[in-house]
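Below: one structure, written as structure tokens.
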Amino acid sequence: MDPHQSETAAACLKAAEANAMTFPEIVGALMAAGFEGYEVDLRQARATYFLPDGEALALACHESPVPVAPSFDAAALQAAIRQAQTLAPGYTYRGFCDKAKAAGCAGYMVSFTGRRALYFGRTAETHVELFPRAA
């Protein structure tokens, strides 16, 4: 992984946590740097960015005081996702992570090539969110 890629991943994580970039902007920046996706482990407070050759960069992210709920509540998770997608008043990425954990989400994977995010719970229950189609 070259320094530009490492710097891009770190900058995107920082921007997400500071609400300085939207999800589409982050995806665009990471794709332009050559990444094929990333994974956020909400239990370990870690984001891992993946290149197509298998190389990866793991970065510490903010720790949330909210525990991952034992049950996966897909409806509550989808509500949090919709707030993020519409940048609802008061939306923050940290708040999204708290809501996701309260809904039983232990983490999520984002695939740029698959154009989707897969959210998973403690018991491997999942919710798949497809990227919106480009106009």
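Here are the numbers:
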item	result
Helical contribution to [θ] at 222 nm, DSSP H n ≥ 4, -39,500 (n - 2.57), averaged over the chain, rounded to 500	-11000 deg cm²/dmol
Efficiency of FRET from Cβ geometry, GLN85 and GLU7, R₀ 35 Å, rounded to 0.05	0.80
Summed side-chain charge close to ALA15 - residues other than ALA15 whose Cβ falls under 15 Å, Lys, Arg +1, Asp, Glu -1	-1
Given (1) 23, 16, 15; (2) 27, 16, 13; (3) 35, 14, 11, the label whose value is semi-axes √(5λ) of the Cα gyration tensor in Å derived from this model	(1)
The stretch 1-131: relative contact order in percent, alpha carbon pairs under 8 Å with at least 6 residues between	22 percent
Charge-dipole axis of the chain as Lys and Arg at +1 and Asp and Glu at -1 on Cβ define it, positive-most pick from ALA32, PRO132, ALA80	ALA80
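No lab work stands behind these numbers, since they all come straight from the coordinates. Being a predicted model, the structure only gives us computed values, none of them experimental. Neighbour counts are summed over all protein chains in view; Cβ atoms, including those assigned to glycine, are modelled from backbone coordinates with ideal geometry.
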